[in-house]
Amino acid sequence: MVVLFIGDIVGSPGRAGLARAMPAIRERHAPDLIIANGENSAGGLGITEKTAGELFEIGVDVITTGNHVYRHRDAYEFLDRSDRVIRPANYMTGNPGRGSVIATVGDRRVAVINLSGSVQLKVARSPFTEADTLVERLSRDADAIIVDFHAEVTSEKIAMGWHLDGRVAAVLGTHTHVPTADCRVLPGGTAFISDVGMTGSRAGVIGVRRDQALESFRTQMPVRFDTADEDVWVNGVVVQVRDDGLADSIEQVLVPAE
Ligand SMILES: [Fe+2]
Ligand SMILES: [Fe+2]
C-alpha cells in the first residue's frame, strides 16, 4: 500500500498548487491513501469546512491539523462532525474534533493519529503516553497506523520516532514548514522524517509574504501577515506500507506546483 502524506498546505496558493501538482504526483506514485496536514489551509491559519472540502475534492482522504486548528470558531461544529479531519489527540478532552480516525483502503484499515509536541506548544497530555494509549487501542482495529507528529523541535520528533519504532508504519513530523533531509525507515520498521515541509509559496517566510515577515523581524512591531503566493511547491513523503503494517520505504516528494 502506498501512502502519500502532504505537508502543511498554506492558504489558497497551497490548495491551488496541490490541485495543479496532483495529477503528476498520482501518476508517478499511485497513492492508495492520501493524508494532508490542513492546519494552514484557510488563509494561512486554521481550517474551515470549505477549505477541507476543497482538499477532499483534490483527492485527500484524511486531513490532520495542529496548533492553528481552532483559529476559525465557525469550524468547531464541523470538526466535531467530520470523520476525516482530525486534530492533535493530546489536546484537552472535550475540545472540538477527535485525535484519530480509521480510513479504509480496499480491504485494509489504516489508522491515522495526530499528536502535538509538548516543547514550545500547548498540550494537555504528553504525546508519548498519549501515543502509547492510542497505538494500543487502534492496533486492535487497524492493519497499519500513520502518525502526524505536529511538533516544533527536531529532538522531540526524533524521540517520537524511536518511541514508536516497530509499532506504527510511519511517524511523520509537521509544523515547521521546512522539509528535513533525514527520512529513513528505522530499524524496527517505522518510516520517519523530522518534518515533511509545507505545500505553499517558497517566495515567502514559511508561507507568509516575505516583506511582511521581514518588517516584523526588523521592527518587532505588530505586522499584518498575508499568505505568499509565488513559486508554490508541494512537499510530501511517500511511504510504502507492507501487509504487516510496517514500512518498506519512505521517499520525499518535493515538486514545484507548475
Ligand atoms: Fe503549519
Ligand atoms: Fe503548526
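The values are calculated or read from the model by the stated rules, or taken from the named source; none is laboratory data. All values reported here derive from a predicted model rather than from experimental measurement. As a convention, Cβ positions derive from the backbone with ideal geometry for all residues, glycine included, and neighbour counts pool all protein chains shown.
Quick notes on this structure:
- Within the range 27-45, residues that are free of Cβ contacts under 8 Å to residues at least 40 places away in the same chain reach partners that are within 15 Å of ligand 1 (Cβ to nearest atom) and of a type in the set (A, V, I, L, M, F, W, C) with beta carbons closer than 6 Å, at six or more positions or on different chains, in the pairs 41/9; 41/47.
- Of the residues making up the range 147-193, those that are within 18 Å of residue 254 (Cβ to Cβ), within 15 Å of ligand 2 (Cβ to nearest atom) and hydrophobic (A, V, I, L, M, F, W, C) are 172, 178.
Conditions tested, residue by residue: (1) of a type outside the set (Gly, Ala, Ser); (2) touching a Ser or Thr at 6+ places or on another chain (Cβ under 7 Å).
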site	(1), (2)
10	yes, yes
16	no, no
31	yes, no
46	no, no
55	yes, yes
61	yes, no
66	no, yes
70	yes, no
82	no, no
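- Subset of the range 238-253 that is of a type in the set (Asp, Glu) and out of contact with any His (no Cβ under 9 Å at 6 or more places or on another chain) - its residue that is farthest from residue 108 (Cα to Cα): 248
- For residue 42, the criteria (1) more than 14 Å from ligand 2 (Cβ to nearest atom); (2) buried (at least 20 other Cβ atoms within 10 Å of the Cβ); (3) farther than 25 Å from residue 247 by Cβ hold in every case but one, which is (1).
- Checking each residue in the range 177-205 for being of a type in the set (Val, Ile, Thr) and either within 15 Å of the chain's Cα centre (by Cα) or at pLDDT below 95 (or both) picks out 178, 180, 193, 196, 199.
- Filter result for the condition that a residue is of a type in the set (Asp, Glu) and within 27 Å of residue 204 (Cβ to Cβ), over 77, 49: 49
- For the range 132-146, the criterion of being closer than 18 Å to residue 195 by Cα, within 16 Å of ligand 2 (Cβ to nearest atom) and crowded, with 19+ Cβ neighbours inside 10 Å is met by none of the residues.
- Filtered residues of the range 56-75 (kept if more than 13 Å from the chain's Cα centre (by Cα) and either within 16 Å of ligand 1 (Cβ to nearest atom) or buried (at least 23 other Cβ atoms within 10 Å of the Cβ) (or both)): 70, 71, 72, 75
- Complete set of residues in the range 78-122 that are within 16 Å of ligand 1 (Cβ to nearest atom), surrounded by fewer than 15 Cβ atoms within 10 Å (Cβ to Cβ) and polar (S, T, N, Q): 120
- Within the range 121-141, residues that are under 13 Å from residue 100 (Cα atoms) and touching a residue at least 24 places away in the same chain (Cβ under 8 Å) reach partners that are away from ligand 2 (no atom under 16 Å from the Cβ) and part of a loop (DSSP other than H, G, I, E, B) with beta carbons closer than 7 Å, at six or more positions or on different chains, in the pairs 135/167; 135/168.
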